[in-house]
Amino acid sequence: LEATGATSWTFGALPPVVELAGAGGVLRGYPALVDEGETVGVQVLSTPEEQRQAMWRGTRRLLRLSAPLPTRVLQGSLSREDKLALSRNPHGSVGALLEDAAACAVDALMASAGGPVRDAEGFAALRETVASGLTDAVLAILGDVRRVLDAAARVEARLAKLDGGDLADSVADARAHLGRLVGPGFIARTGRERLGDLPRYLEAVALRLDKLPRAPGRDRELSARVTAVERAYTDLVRRVGPRAVPIRWMLEELRVSLFAQQLGTRQRVSEQRVLRAIEEAAQR
């Protein structure tokens with residue numbers, strides 16, 4: 001089953017599981033596409049969770065290889081102001097940002113079509129769905145991305161005006177938070193569903209920084225509370241991996257509720273609710 005260096009579906013049908021005779025009895029393996037960067041391969045992995053993660057990333061890569069991004073069309077659809085705003089990105093280039101947006105778009109289109117497939121016929125249908133919707137999806141995502149980058153620039157401007165001293169720890173925490181929200185690869189990492197929330201999260205950071213010089217002690221207290229919950233989340237990620245991801249968004253909403261309550265939250269949230277969700281995820 002294993003293969004490497006493919007740029008199209010040349011594998012035949014991939015079974016969901018294979019059984020191999022081993023010294024200790026029958027071993028189960030889980031075949032999946034794997035992303036090799038410029039190509040795609042097939043590997044037999046050890047667990048269904050590894051298979052699920054690899055299959056998604058490998059299918060995304062194969063779709064990108066077989067459904068190229070229409071860069072000229074995209075560039076022609078963007079205004080001068082859009083291009084200028086998008087050039088101020090953490091990716092290092094507009095090209096890298098477009099690739100990140102394309103990955104996010106493919107993820108959304110693939111999810112709407114039912115997710116990865118396991119044979120050539122299914123992949124051909126999935127490729128058609130992605131190819132026909134890719135340009136519109138990327139343009140919609142870039143609209144959200146521009147709003148995110150504008151909000152990030154406002155946060156950067158506030159950070160630049162704040163000195164150290166009593167504010168140093170809070171400024172460092174806010175800067176690290178900004179980096180988690182808007183760093184290289186943030187578009188696909190955030191996902192289409194949550195991308196529209198980032199401007200609100202960034203506005204919460206800006207409001208926090210506006211209040212910081214007037215009440216540094218209160219900010220340190222709130223920061224300590226959210227940091228304690230984030231440590232529990234970090235420990236959960238080490239134990240359960242991607243299953244912890246939904247709780248990341250609860251943490252973002254928790255920060256909004258603590259530092260910028262006036263913006264409102266997407267769901268009811270508190271430190272106790274997040275810790276309870278972490279405990280439940282650890283037990284599954």
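Observations on the model:
- Dipole-positive endmost among 174, 162, 277 within segment 158-284 (Cβ charges, Cα centre): 277
- Per-pair calculated FRET efficiency, R0 = 41 Å: residue 93 and residue 266 via Cβ, rounded to 0.05: 0.80
- The figure for residue 47 is an accessible area of roughly 50 square angstrom, using a 1.4 Å probe on the protein chains alone.
- Site pair residue 231 and residue 72 shows an inter-label distance of 5.7 nm when each label is modelled 7 Å from Cα along Cα→Cβ.
- In this Cβ point-charge picture (+1 for Lys and Arg, -1 for Asp and Glu), segment 99-232 has a dipole of about 540 debye about its Cα centre.
- Peptide packing for 87-95, 108-116 was compared via the average number of neighbouring C-beta atoms within 10 Å per residue; ordered from the highest value, the list is 108-116, 87-95.
- Ranking 138, 73, 206 by how far each Cα lies toward the positive end of the dipole of the chain (charges on Cβ) leaves 206 at the top.
- Computed extension gain for residue 23 through residue 52, at 0.36 nm per residue and net of the alpha carbon distance, reaches 7.8 nm.
- Dipole magnitude of segment 19-127, debye to nearest 20 (Cβ charges: Lys/Arg +1, Asp/Glu -1, about Cα centre): 280 debye
- Once divided by 2.2 N^0.38 Å, the Cα radius of gyration of segment 62-184 becomes 1.33.
- Gyration tensor (Cα) of segment 216-284, equivalent ellipsoid semi-axes in angstrom: 22, 14, 9
- Nearest-20 debye value, the chain charge dipole, Cβ charges on Lys, Arg, Asp, Glu: 700 debye
- Percent of Cα pairs in the chain per distance bin of 10 Å, from zero to the largest separation: 6, 24, 28, 24, 13, 4, 1.
The values are calculated or read from the model by the stated rules, or taken from the named source; none is laboratory data. Since the model is a prediction, treat every value here as computed from it, not as a measurement. When we count neighbours, we look across all protein chains shown, and the Cβ atoms used for this are built from the backbone with ideal geometry, even at glycine. Heads up: the accessible areas ignore ligands, DNA and RNA and are worked out on the full protein's heavy atoms, side chains in. Shrake-Rupley method; radii C 1.70, N 1.55, O 1.52, S 1.80 Å.
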